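The values are calculated or read from the model by the stated rules, or taken from the named source; none is laboratory data. These numbers come from a predicted model, not from an experiment. Ideal geometry is used to build each Cβ from the backbone, glycine not excepted, and the neighbour counts take in all protein chains shown.
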Amino acid sequence: MAQYEPNSDVDRPVGSAGCPNPAAAISPGRSDAAAFDPECELCEAARFTHWYYEDELCWVADCEVCATPMVVWKRHGTEPPAAELEAMLARLIEAGEERFGPEGGVVDQVMRQIPDHFHAHYRDADWMSRRWMEPPSRYTGVGTPRETR
Ligand SMILES: [Zn+2]
Ligand SMILES: [Zn+2]
C-alpha cells in the first residue's frame, strides 16, 4: 500500500543558494583596515623627531606639530581592537611620563590633522606655548636619550 506523496518542491531551486552575495562573502570589518596607505603621513612614519618606542603594533614619537609624544598604530585605520588600543595608550603614557614626570599630562585621542589613521597625543598643560619656545627634538634612534636641535 504505497503512499503517494507528490513532493513537487524538491526539484526547484531553493532560495538563492546558487548565487552567493559577493559583498557578504568579503564583508570588510572596520578592524580589517588597510595595512598601509602610501598617501598617508602616519603610514610613512618619517623619522625626524625623537622616537620613544617602537614595536610590531605601534610607534611613539614627538608629534612634529605639537612637539608632544604621540602614539601611532602601524595600520591605516581608525578603530584598533580594544586590546591593541589599551597597549598603545600604555606605551604613550610611559613616554609622556618619561618626558613630563608622573601624571605630567593627559591622553588626547582626538585626531584632528589626520582623521583616518589612529594616533593619540600625550599633552602636558603647557604644550601649546612650549612648542613655540622649545627647539624641536631630533631622531637619534628608538628609545635613546631625547635630544633637541
Ligand atoms: Zn595611515
Ligand atoms: Zn600633534
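The numbered conditions (1) surrounded by 14 or more Cβ atoms within 10 Å (Cβ to Cβ); (2) assigned to a loop (DSSP other than H, G, I, E, B); (3) acidic (Asp, Glu); (4) out of contact with any helix residue (DSSP H, G or I) (no Cβ under 8 Å at 6 or more places or on another chain) are all true for ASP37 except (4). Among the criteria (1) modelled with pLDDT of 50 or more; (2) part of a loop (DSSP other than H, G, I, E, B), the one SER16 does not fulfil is (1).
In the set (1) within 22 Å of ALA35 (Cβ to Cβ); (2) outside any loop (DSSP other than H, G, I, E, B); (3) among the charged types (D, E, K, R), the condition left unmet by GLU94 is number (1).
Here ALA67, ALA82 are screened, and the one residue that is away from ligand 1 (no atom under 16 Å from the Cβ), of a type in the set (Gly, Ala, Ser) and within 14 Å of the chain's Cα centre (by Cα) is ALA82.
Do we have any residue at all in the stretch 88-98 that's surrounded by 21 or more Cβ atoms within 10 Å (Cβ to Cβ), modelled with pLDDT of 95 or more and within 16 Å of ligand 1 (Cβ to nearest atom)? For the stretch 88-98, residues surrounded by 21 or more Cβ atoms within 10 Å (Cβ to Cβ), modelled with pLDDT of 95 or more and within 16 Å of ligand 1 (Cβ to nearest atom): present. The set of residues from the stretch 96-144 being of a type in the set (Asp, Glu) and under 24 Å from the mean Cα position of the chain (by Cα) comprises GLU97, GLU98, GLU103, ASP108, ASP116, ASP124.
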